[in-house]
Amino acid sequence: MWSSFLGLLCYSAWAGSNTTEAGAAAETSTTRTVTVNATVAHAIELYVSTSNVTLNVASPGSAVEAEHDIQVRTNSSTGYKLFQKHSQNLLHTDTSTIIDPDWIGTVDAPVVVGSVGNGLGFSLCGANVVEAIWNTGDNWATFAATATEANNYACYDAANTVINVFYTLDVETTQKAGSYTNEVEWYAVTNDT
């Protein structure tokens, strides 16, 4: 019986001392502010519209062209740099004959096709090509043996940026007939790195 009485007494004391949340806050209020910080990592992706470019020289001494697109997507607020290099000079299937790259233009100083000599060259064009040296795809350069910057797009863009890549090939009339191959690497890095 005493236990029942004590239980009733404790319940009555607890029920009678119940205050509202607002009242409790006013009586014992203390506030702390938490600052929430976030960091978003840099991301970049590069796509090419084709993984094979074929240049068929039907008449040595007359340049031929082919093209493809590169798309770059990055969340970098300062854009990206596009680099290029090739694995070797165009090499014949006999594994010893090359197409001599006596090309005059470089990525630092591309030149108009008529003044370049023979060999494999490239040019860039498009709204996202900010290097005026390419002259809207009319100036050409040889591919580098080591990674070399070809374009610096220094802006944030929520959509993919598109770069048109043009290839040209001209050979001497004495160039050995047959198939030649090399590999060109394109890659991009954010300007934040």
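The values are calculated or read from the model by the stated rules, or taken from the named source; none is laboratory data. Since the structure is predicted, the reported quantities are computational estimates derived from the model, not experimental observations. Cβ coordinates were reconstructed from backbone atoms using ideal geometry, including for glycine residues, and neighbour counts include every protein chain displayed.
Key figures
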quantity	calculated
Counted residues, region 122-142 - those being crowded, with 21+ Cβ neighbours inside 10 Å and outside any strand (DSSP E or B)	3
Residue in region 143-160 that is in a strand (DSSP E or B) and more than 18 Å from the chain's Cα centre (by Cα) present	no
Unique match (being small (Gly, Ala, Ser), in contact with a helix residue (DSSP H, G or I) (Cβ under 6 Å, 6 or more places away or on another chain) and within 26 Å of Ser62 (Cα to Cα)) among Ser87, Ser96, Ser179, Ser123	Ser123
Every residue from region 116-132 that is at pLDDT 90 or above and of a type in the set (A, V, I, L, M, F, W, C)	Leu120, Phe122, Leu124, Cys125, Ala127, Val129
Breaking point among (1) of a type in the set (A, V, I, L, M, F, W, C); (2) at pLDDT below 95; (3) surrounded by 13 or more Cβ atoms within 10 Å (Cβ to Cβ), for Phe83	(2)
Answer residue from region 112-121, given it is free of Cβ contacts under 8 Å to residues at least 60 places away in the same chain and surrounded by 20 or more Cβ atoms within 10 Å (Cβ to Cβ) and is farthest from Asn182 (Cα to Cα) among those	Val116
Residue, modelled with the lowest pLDDT, within region 17-35, restricted to residues that are β-branched (Val, Ile, Thr) and part of a loop (DSSP other than H, G, I, E, B)	Thr19
Positions within region 136-171 being closer than 27 Å to Leu91 by Cα and acidic (Asp, Glu), in sequence order	Asp138, Glu149, Asp170
Yes/no for Ala188 being under 15 Å from Leu82 (Cα atoms) and part of a loop (DSSP other than H, G, I, E, B)	no
Qualifying residue in region 96-107 (condition: at pLDDT below 95, within 19 Å of Ala188 (Cβ to Cβ) and within 20 Å of the chain's Cα centre (by Cα))	yes
Search result, residues across region 145-160 that are over 22 Å from Glu172 (Cβ atoms), in contact with a strand residue (DSSP E or B) (Cβ under 7 Å, 6 or more places away or on another chain) and surrounded by fewer than 17 Cβ atoms within 10 Å (Cβ to Cβ)	Thr146, Ala147, Thr148, Glu149, Asn152, Asn160
Evaluation of Glu183 against (1) under 18 Å from the mean Cα position of the chain (by Cα); (2) among the charged types (D, E, K, R); (3) under 15 Å from Val53 (Cβ atoms) (one fails), failing number	(1)
Subset of region 38-50 (residues that are out of contact with any strand residue (DSSP E or B) (no Cβ under 9 Å at 6 or more places or on another chain) and of a type outside the set (Val, Ile, Thr))	Ala38, Ala41
Some residue of region 137-148 being of a type in the set (Phe, Trp, Tyr) and modelled with pLDDT of 95 or more	no
